[in-house]
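The values are calculated or read from the model by the stated rules, or taken from the named source; none is laboratory data. The structure presented is a predicted model; accordingly, all values stated were derived computationally and were not measured. Note that each Cβ is placed from the backbone with ideal geometry, even for glycine, and that neighbours are counted across all protein chains shown. What goes into the accessible areas is simple: the full protein's heavy atoms, side chains included, and nothing from ligands, DNA or RNA. Shrake-Rupley method; radii C 1.70, N 1.55, O 1.52, S 1.80 Å.
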Amino acid sequence: MGEQPTRDADGSGVPRGVPERTRRGREAEQGAGAPVTVEQLLARQGSAVGRRRAARRVEHPALSAPDDVPPAVRNGLPPVPDGGAAARRAGLPPVPAAAQSTAQAGLPPVPVPARPPASWEPDSRPSRRSGPVPPLPGRFPPPEQADRDRPRRRRPAPERPPAGPGRRRLTRALLALGAVVGVVLLYHLGLYFYVDQKIDRIDALAVDGPEILAPALQAGDETYLVVGSGVPGQTGAASIATLLASVSAEGDRAVLVSFPPTALVDTPTCRTPDGSLRSPATEAFATSLLEGGPACMVRAVQQLSGLRIDHYLGVDLAGLPGMVDALGGVPVCVVPSQATAAAATPLPAGFSELTGAAAAGYLQPGDSGTDVTGTAVAERAQRLLTSTLRAAMSTSTLVDPLALNGFLNRAAEALTVDQQTTLGDLQGLAGSLGDLSGDAVQRASLPVAEVGYVPAGTDQAYVLLDGAGTRELFDAVIEGTAVPEEFTIGPEESTAPADETPAEDAPPAPEVAQPGVPGGGTALTVPPSSVEVDVLNGTGTAGLARTVADLMQEQGFTVGAVGNESGTVSESVVRYGPDVLEQARTVAAAVPGAVLQPSDAIGDTVQLVIGPGYSTVVPVTIGGPVVEDVPADTMVAPEASEPTPVSC
């Protein structure tokens, strides 16, 4: 139970601080001599302010309990003896009888212990001390976690002894070295971005063209189209050298395919550099670049091969010797092949240091006529370009700022790439082709059905490709299988040593004829001045027929028609009619390696068709001695020296 209100000290029994009791009521009970307030005086005078203030202070009559109240049953409980009056005072609960100090009849008064004065005041309520309030769940971490999260005081680290003079010198040297390395790296990085932005870029790719076959099989492979223009000593279509390089996704194999510049191809609709559309055309492969631009050549290659071209790289071959000189020379490893032998200045087999002048002679085609289709220059350009890029990325060049700056500036002037290709892609191409060797790199040329094909209504000769063989070649590239051997180009096959074929199993030796006299050992009877000959070019070298015709005139021959051969030949051929055999023998004697070929379709005419293997024109001797036949069983074959293998 709460504490009960106390009574007045005068013993009147009126409780103090009881609600609904005003101070005026208490003062009226104490007597009329009590002081009067200002509000009461104003109210007595009848002023409005006093009445309003007095109205706010409503006086309630003092409540008093009757003297005798009959005992009653309270909620089923017996009545409290002599407590009815006190129980209804001011609505307070009754006071137990034990607390009253009235004396009972015939009995001495019961002593009541004095109570301490109550601390409860009318204007305040007693308060109790509440117990600890439990924390809200989730607001505070558990004690274990709080202990773990509490930052622990670290032990002070032991003081290090002061660094000695040697250690300070080493620290300064390392800081200086780091600063130098940082400056070098920033220089190379800035130079890289400068040159990368300086290179000419064109919109040449069509990676979503409808002519691409099996795109899923080509996913991950990188195909580069390397186009060299400005071949030294050549003009027109012959000045274009094109090579396609396909590197597998794993980087463990590569296929290089060279394209004849005069191959007859179908170029689909393409967009020229000025933005206009070019109609489909059947034309020479190099014409797609010369008249349509890089985008048309890319579409022509995709139409012919079905491959997706990922990178286009155009190289001005006239500027390649300058790039070589900027590096101070480029090391090149030459493997003897038909392509290297067809150069104007062939390089020796093995490793050699190439200068700019030697590079120009190596790129320029020779007059031997061995490059029938014009693809040998593409192989030589690829080998030289790969060696140049590898030399540019070597450590000796990277640490030489002057050489690197000169090379990159010249490379930026000579290179043209597509929008997506960067210098890093070119480095990847050079690294892939340089790291792969042996069977990992296959070189192939497009199979040719006819050389010197002249369509009706034109006088231009083309290289006619073998459609079935071309499809078989590129299907192998797309599927990632080995290229058939009949399409590959390898080093020249060396002559087998003499001890490989036993003497008793050796084939019979051919008949020894008079040197320079084809068709047997009989002497020549018709002088060159009595022979009229037509000179035809059966190779892909432009202008070769005119060159040979001038040499034949110098030897006394009368030259008739000069032009291109409509068919294909594998070597130099002298065609003759039924009655001009002796005249044909004289012509064949002037061209080493030429063979006689009778023909009834040309009448009494002699034709010289220049083919692969042509070297030059030599003087002839009329009426020379006849060499007697030597029996085959008495001939001794000359000892063949074992060639030294060359590997790069």
At 1.4 Å probe radius, can you tell me the per residue accessible area of region 528-610 in Å²?
40 Å²
What is region 232-348 by shape, rounded, prolate or oblate, if you read a ≥ b ≥ c off the alpha carbon gyration tensor as root eigenvalues and call it rounded for a/c under 1.5, prolate for a/b larger than b/c, and oblate otherwise?
prolate
Taking Lys and Arg as +1 and Asp and Glu as -1, residues besides A237 with C-beta under 11 Å from its C-beta add up to -2
Relative contact order, percent, region 528-610 [alpha-carbon distance under 8 Å, six or more residues apart]
39 percent
Using R₀ = 25 Å, calculate the FRET efficiency as 1/(1 + (r/R₀)^6) where r is the Cβ-Cβ separation of D274 and D316; round to 0.05.
0.75
I'd like the antiparallel share, as a percent to the nearest 5, of DSSP beta bridges with both residues in region 528-610.
20 percent
With a Förster distance of 30 angstrom and the Cβ-Cβ distance between C333 and V562, calculated FRET efficiency to the nearest 0.05 equals 0.15
Compactness of region 222-487, expressed as Rg and Dmax over alpha-carbon positions, Å
17.9, 60
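For region 222-487, which whole percent of the accessible surface, found with a 1.4 angstrom probe, sits on carbon and sulfur atoms?
Numbers: 4940 of 9860 Å².
Summing carbon and sulfur atoms, their accessible area is 50 percent of the total for region 222-487.
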Expressed as a whole-number percentage, the relative contact order of region 222-487 with C-alpha contacts under 8 angstrom and at least six residues apart is 22 percent
By what distance, in whole Å, do the Cα atoms of region 528-610 stretch along each of the three principal axes, largest value first?
32, 27, 22
Cα centroid separation - region 297-332 against region 419-481, whole Å
13 Å
